[in-house]
Amino acid sequence: MLNVALPKGRLGEKVYAMFEKAGFECPAIHEPGRKLIFENEEKQVRYFWVKPSDVAIYVERGAADIGVAGKDILAEYAPDVYELLDLNLGKCRMAVAAKKGFRDNPEKTLRVATKFTNIAKAHYAAQGRDIDIIHLNGSIEIAPILDLSDVIVDIVETGSTLKENNLEVYESFMPISARLIANKPSFKFKNALMQEILGSLSAQVEAEK
Ligand code: PRP
């Protein structure tokens with residue numbers, strides 16, 4: 001049985017469609033309801049919907065053999081998994097944003113609010129910039145408005161969240177997209193099956209380019 005962790009939401013739906021096209025369909029997944037696990041015994045595949053930021057945990061620990069996670073999560077938590085393929089979906093970028101007109105004063109410690117503590121630390125360490133990290137779990141855009149921070153480090157997709165909160169991108173520094181990841185031992189022991197999926201998914205990604 002191949003266990004596949006899919007990120008709940010629109011991205012996960014798209015990814016499931018790719019697996020279906022690869023010949024690993026599981027029609028029950030389309031039935032309405034709150035069920036989280038779906039299995040097709042004949043195809044030897046089991047899908048489960050998990051919170052997007054948890055996919056890498058399932059895969060790293062082997063509860064899932066493969067899964068799909070954003071490059072942001074992989075960069076932030078550096079899970080011990082194989083990154084097999086850039087699916088070219090869920091494209092966005094990691095950026096520093098601030099209130100319009102913000103000018104950085106290098107003499108002062110920069111207050112940075114973010115969910116992505118490790119990414120932000122690495123970004124500023126590379127510049128030798130002194131920062132004070134303020135870890136938040138969401139609605140990061142509020143921080144500079146209430147003067148909790150000078151800047152934020154967050155994901156920007158369309159840019160509308162920043163715009164509607166009178167913030168602007170100060171610096172974009174990491175392109176992000178969804179990646180197919182695999183558990184390391186599973187990649188060895190279920191290699192034939194994984195190669196079959198990888199082959200079909202790669203071809204689908206190429207065809208979309
Ligand atoms: C992300 C990010 C921004 C928003 C950016 O939030 O933290 O708030 O998307 O998208 P946009 O550029 O298209 O407006 P998400 O929806 O993941 O929720 P959360 O960070 O508040 O949990």
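The values are calculated or read from the model by the stated rules, or taken from the named source; none is laboratory data. Just so you know, these numbers come straight off a predicted model, no measurement behind them. FYI the Cβ positions are ideal-geometry reconstructions off the backbone, even for glycines, and counts take in every protein chain you see. Surface accessibility is based on the protein's heavy atoms, side chains included, excluding ligands, DNA and RNA. Shrake-Rupley method; radii C 1.70, N 1.55, O 1.52, S 1.80 Å.
Restricting the range 154-192 to residues that are in a strand (DSSP E or B) and within 12 Å of the ligand (Cβ to nearest atom), which is surrounded by the fewest Cβ atoms within 10 Å (Cβ to Cβ)?
Ser172
Could you please find all residues in the range 87-136 being open to solvent by less than 50 Å² (accessible area, probe 1.4 Å) and polar (S, T, N, Q)?
Thr114, Thr117, listed by residue number.
Quick one: in the range 50-72, of everything that is of a type in the set (A, V, I, L, M, F, W, C) and open to solvent by 20 Å² or more (accessible area, probe 1.4 Å), which residue is farthest from Ala120 (Cα to Cα)?
Filtering the range 50-72 for residues that are of a type in the set (A, V, I, L, M, F, W, C) and open to solvent by 20 Å² or more (accessible area, probe 1.4 Å), the one farthest from Ala120 (Cα to Cα) comes out as Ala63.
Could you list, in sequence order, the residues of the range 137-151 that are surrounded by 14 or more Cβ atoms within 10 Å (Cβ to Cβ) and more than 9 Å from the ligand (Cβ to nearest atom)?
The answer is Ile142, Ala143, Pro144, Leu148, Ser149, Asp150, Val151.
Return the only residue of Ala28, Ala56, Ala75 being among the small types (Gly, Ala, Ser) and either in contact with a Pro (Cβ under 7 Å, 6 or more places away or on another chain) or closer than 20 Å to Ser186 by Cβ (or both).
Only one candidate qualifies: Ala56.
List pairs: first residue in the range 12-24 and open to solvent by less than 70 Å² (accessible area, probe 1.4 Å), second residue of a type outside the set (Phe, Trp, Tyr) and outside any helix (DSSP H, G or I) anywhere in the structure, Cβ distance under 6 angstrom, at least six positions apart or on different chains.
Taking only residues 6 or more apart or on different chains, the pairs are Gly12/Leu6; Val15/Leu6; Val15/Val68; Tyr16/Leu6; Phe24/Lys43; Phe24/Val45.
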